[in-house]
Amino acid sequence: QVQLVESGGGLVQTGGSLRLSCAASGRSFSTYTMGWFRQAPGKEREFVAGISWIPGRTDYADSVKGRFTISRDNARNTAALQMNSLKPEDTAVYSCAASHNFVVSKAVSEYNYWGQGTQVTVSS
């Protein structure tokens, strides 16, 4: 089992950047696929980015490709989401999640553990 805690959210202007971090505690972090999801008010939770424990395997939602970068540091049990060129439509609560799968899935149901989330607000 793994516990996840996000940090790094906040208020930023359009075009700005934020870096979200996800700290994991528990065993075998390096064997989990990690994902970032977001949920805006009145909308369903959606996939943003994912990174497998297999090196080099990442996936992104079309809406964030070229602007967001997901990474992980297995030595420090952390995952991160670098968000650049932020837009008002990126405003949401961002959560990290861990999956036992070795491939990145965009489905919420494929993730076994979730953090509490961190608010990201992009002002226009």
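With +1 assigned to the C-beta of every Lys and Arg and -1 to the C-beta of every Asp and Glu, and no other charges, what is the dipole magnitude of the chain about the Cα centre in debye, to the nearest 20?
Working: 12 positive and 9 negative charges, 39 e Å.
Computed about the Cα centre, the dipole is about 180 debye.
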Item to complete: Quickly work out the A40-to-D62 label distance, labels modelled 7 Å from Cα along the C-beta direction, and quote it in nm with one decimal.
Response: 1.6
Worksheet item: In debye to the nearest 20, how big a dipole does segment 1-62 give about its Cα centre with +1 on each Lys and Arg Cβ and -1 on each Asp and Glu Cβ?
Response: 160
Item to complete: Give, in nm to one decimal, the length gained when the segment between D73 and S123 is fully stretched (0.36 nm per residue of separation minus the Cα-Cα distance).
Response: 15.0 nm
Worksheet item: Put a dot 7 Å past each Cα toward the Cβ at Q116 and Q82; how far apart are the dots in nm?
Response: 2.8
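Does segment 1-42 come out rounded, prolate or oblate by the C-alpha gyration tensor, with a ≥ b ≥ c the root eigenvalues, rounded set by a/c under 1.5 and, if not, prolate when a/b is larger than b/c and oblate if not?
Details: a/c = 2.76, a/b = 2.10, b/c = 1.32.
It is prolate, given that a/c is not under 1.5 and a/b is the larger ratio.
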Practice prompt. Mind putting a number on the dipole of segment 52-96 about its Cα centre? Charges go on the C-beta only, +1 for Lys and Arg and -1 for Asp and Glu, and I need it in Debye to the nearest 20.
Written response: 140
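Readers should treat all values here as calculations from the given coordinates under stated rules, not as data from a laboratory. The structure presented is a predicted model; accordingly, all values stated were derived computationally and were not measured. As a convention, Cβ positions derive from the backbone with ideal geometry for all residues, glycine included, and neighbour counts pool all protein chains shown.
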